[in-house]
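The block underneath contains the structure these notes are about, expressed in structure tokens.
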Amino acid sequence: MSSSSPLHDLVFHGKEGGTIVFVVMDGLGGLPHPKTGLTELESANTPNLDGLSRQSSLGSLLPVGSGITPGSGPGHLALFGYDPLTSNVGRGVLSALGVGFELQAGDVAARINLATVDEKGIVLDRRAGRISDDEGRRVVNKVSEAIDNVDGVDITLVHEKEHRAVLIMRGENLGVDVAETDPQVVGMKAIEPEASCEGSERTAKVVKTFLERVDDILADESVANAFLIRGFGIHSGYSTFDERYGLSALAIAKYPMYRGVAKLVGMEIASTPSSNEDTVKTLESSFGSHDFYFLHFKDTDTRGHDEDFEGKMAAIEEIDAMLPRIMDLNPDVLVITGDHATPTLLGEHSWHHVPTMIHSKWTRPSADTFGETTCRTGDLGVIKGIDLMPLVLAHALRLNKYGA
């Protein structure tokens, strides 16, 4: 990828620009509860978010495009100012980078979901009951010890988190145009990994053989007894935050995939936090060493997938309670948003707009609360995902004037 961007010539590369804290509450957007007419965010007790909204510009974020439901990778790339329609990368690459695997040119990486299937191969649970890290690691290691090569292609398996793992294939003539085996819904069999072009036929054959062997190895498991594969990708170079924006950036995230997308765009990766509390502690201890801080919070998305309305409310309230500590650091710009919506009424990612807040000295407040309804009429209007970073840079006084 080129290091240039539409903003490249406008970015002020001096040290006088402001410090930015970027808080991403994964899957933040929601839908109104049928009994109250309020979303999870609007139902939660959020005195700090509401107080901050009275001093901030609000808007509704459109992560990728109208009607498009984004995955976490495209959603984050857009937040960071990289067009996900031209700069997208398979989720497997992000996961591999996130767990610290050093990809080489030509390596194909894919994300694995440990899943539960019945005796006929029907998917009963795409996440194997969200098994623990220890149990997920045990199952992945069981397969890894039995398979390290398929038809001359080296196989590496790395446990990522809970039911998630990463598959890396290293060999000649591998492509990524292979059908994902995850049907995305329960009650169906896994999809056959068929190639859609001649250049990916070897990959498809390797994946099919690999999965057949996995089925045999996990036949005696009662919960995590199958692998579902998606997000095939090959790593390619991306321009860094420093090259594009003149920013030194630090990522603080519990989950490997989000560390992976941060690493992809050249952020330094902080030591892995063990909790949301630890995420904020890491920010506090490192504040002042970088220009840009990316904080990722996963629980809002997880509760959305679980269709747990009150659980998502509680996850939002936990972050709200930590906001005063972030504000005490006095960042020049604080951004609060999400990479996509995960409404609990749907239980999956959706195409809906995401409530977004920019706080700085230069905002135009419009509401007393932070929620989907107030953000629809906020100063920022509807923001395309790739347009958020220019707004953030402007609020940090990091963009030069355009023209005479």
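Just to check I understand the Karplus step: with θ = phi - 60° and J = 6.51 cos²θ - 1.76 cosθ + 1.60, what whole-Hz values come out for the stretch 387-396, glycine and proline as x?
Computed from phi, the couplings for the stretch 387-396 are 8, 5, 4, x, 5, 5, 4, 5, 5, 8 Hz.
Across the stretch 281-404, what fraction of all alpha-carbon pairs, as a whole percent, falls in each successive 5 Å bin from zero upward?
2, 9, 17, 20, 21, 17, 9, 3, 1, 1, 0
Once mean projected area of the Cα convex hull in nm² is worked out from the coordinates, which option in (i) 19.9; (ii) 23.0; (iii) 21.9 does it equal?
This structure yields the entry labelled (i).
What angle, in degrees between 0 and 90 and rounded to the nearest 10, separates the Cα long axis of helix 309-328 from the longest principal axis of the Cα atoms of the chain?
50
Mind listing the phi-derived Karplus ³J(HN,Hα) values for the stretch 246-255, rounded to whole Hz, using 6.51, -1.76 and 1.60 with θ = phi - 60°, and x for any glycine or proline?
Using θ = phi - 60°, the values come out as x, 10, 8, 10, 10, 9, 10, 8, 6, 8 Hz.
Pull up all non-local amide H partners of Phe370: gap of 5 or more, or a different chain, and H-to-H distance under 5 Å with H placed in the peptide plane.
Correct list: Asp50.
Comparing Ala367, Ala146, Ala165, which has the greatest mean-square fluctuation in the GNM of the chain with Cα pairs linked when under 10 Å apart?
In the Gaussian network model the winner is Ala146.
Quick one: angle between helix 133-146 and the longest Cα principal axis of the chain, in degrees between 0 and 90, rounded to 10, please.
With both axes taken from Cα atoms, the answer is about 40 degrees.
Any chance you could run the full-extension gain for Glu221 through Glu268? It's 0.36 nm times the residue separation minus the Cα-Cα distance, nm to one decimal.
Going from the current span to full extension adds 13.0 nm.
How would you order 282-289, 103-110 from highest to lowest mean count of nearby Cβ atoms within 10 Å?
Order by mean packing, descending: 103-110, 282-289.
Comparing Val207, Val185, Val166, which has the greatest mean-square fluctuation in the GNM of the chain with Cα pairs linked when under 10 Å apart?
Taking springs between Cα atoms under 10 Å, the residue moving most is Val185.
What number, rounded to the nearest 500 deg cm²/dmol, is the helix-based mean residue ellipticity at 222 nm of the chain, given -39500 (n - 2.57) per DSSP H run of at least four residues and division by all its residues?
Here the helix-only value at 222 nm equals -9000 deg cm²/dmol.
Can you tell me the 0 to 90 degree angle between the C-alpha axis of helix 201-217 and the longest principal axis of the chain, rounded to 10?
Once rounded, one gets 70 degrees.
Which of the lysines could be linked to Lys120 by a straight reach, that is with a Cα gap under 21 Å, when you skip same-chain ones fewer than 8 residues away?
Partners found: Lys189, Lys208.
Amide H to amide H under 5 Å from Lys384: which residues, 5+ apart in sequence or cross-chain, H placed 1.01 Å off N in plane?
The list, which skips near neighbours in sequence, is Leu62.
Using modelled amide H (1.01 Å from N, peptide plane; none on Pro or chain starts), what sits under 5 Å from the amide H of Tyr293, excluding residues fewer than 5 places away?
Ile20, Val21, Phe22, Leu250
Would you please put 170-183, 307-320, 122-135 in order of how densely packed they are, using the mean number of other Cβ atoms within 10 angstrom per residue and starting with the highest?
307-320, 170-183, 122-135
Using the Kirkwood radius over Cα pairs, work out the Stokes-Einstein diffusion coefficient for the stretch 102-234 at 37 °C and 0.692 mPa s, in µm²/s as a whole number.
Calculated translational D: 225 µm²/s.
Residue by residue, what Karplus-based ³J(HN,Hα) values in Hz, rounded to whole numbers, does the stretch 291-297 have, using 6.51, -1.76 and 1.60 with θ = phi - 60° and x for Gly and Pro?
Along the stretch 291-297, the couplings run 8, 9, 10, 9, 10, 10, 10 Hz.
Values in this text are rule-based calculations from the coordinates and carry no lab data. Because the structure is a prediction, the values reported are computed rather than measured. For neighbour counting, all protein chains shown are included, and Cβ atoms are generated from backbone atoms with ideal geometry for every residue, glycine included.
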